Amino acid sequence: MASELAAALAKFQAALPRIVKGETANAGTYTYAYAGLDEVAAVVLPALGKVGLSFAAFPTMADGQFVLSYSLLHEGGEERTGTWPLGTGTPQQRGSAITYGRRYCLMAVTGVFPGGEDDDGKAAAQAPQNGRV
């Protein structure tokens, strides 16, 4: 039996929506553009719904760690799930981690990516400071 979720995701990806990096972040020594969660969700969620898919994410605990649990769901009941670690910090830092995780999980599980220069590699290549990236 063919996967309904895979078929719907293929249909979604065949007409992949364009996402613009409309936000700018200042990382101290450099600035970079990114697509905020509001922009990603406004473009991706309606397009997913048109092919019978939806996305859900919520913070929870797993193995004693604070994580973001996410699902790509098909209207027929099939789903693809995962978790994203949220780390520790103040409530405001955790809120930011939830927003960041929702954005990246939504893009990763659907194959969506924002247009423009990809400078995420610059941030990923930087050496961790005090055990944190």
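The values are calculated or read from the model by the stated rules, or taken from the named source; none is laboratory data. A quick note: this is a predicted structure, and the numbers were derived from the prediction, not measured. Glycine also receives a Cβ, built like all others from the backbone with ideal geometry; neighbour counts cover every protein chain displayed. For the accessible areas, the whole protein counts, side chains as well, though only heavy atoms, and no ligand, DNA or RNA atoms are used. Shrake-Rupley method; radii C 1.70, N 1.55, O 1.52, S 1.80 Å.
Values for this structure:
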{"read-out": "Of all residues making up the stretch 34-51, the number that are among the β-branched types (Val, Ile, Thr) and within 18 Å of residue 95 (Cβ to Cβ)", "value": "1"}
{"read-out": "Identity of the residue in the stretch 60-77, buried (at least 16 other Cβ atoms within 10 Å of the Cβ), of a type outside the set (A, V, I, L, M) and touching a Leu at 6+ places or on another chain (Cβ under 8 Å), that ends up nearest to residue 12 (Cα to Cα)", "value": "74"}
{"read-out": "Among the residues listed as 57, 41, the single one being under 14 Å from the mean Cα position of the chain (by Cα) and either among the charged types (D, E, K, R) or over 17 Å from residue 12 (Cα atoms) (or both)", "value": "57"}
{"read-out": "Meets criteria (in contact with a strand residue (DSSP E or B) (Cβ under 6 Å, 6 or more places away or on another chain), under 16 Å from residue 10 (Cβ atoms) and either in a helix (DSSP H, G or I) or in contact (Cβ under 8 Å) with a residue 60 or more places away in the chain (or both)) for residue 106", "value": "no"}
{"read-out": "Hits in the stretch 1-24 (condition: among the small types (Gly, Ala, Ser) and surrounded by fewer than 13 Cβ atoms within 10 Å (Cβ to Cβ))", "value": "2, 6, 10, 14, 15"}
{"read-out": "Enumeration of residues in the stretch 25-58 that are open to solvent by 60 Å² or more (accessible area, probe 1.4 Å), modelled with pLDDT of 95 or more and in contact with a Ser or Thr (Cβ under 9 Å, 6 or more places away or on another chain)", "value": "45, 58"}
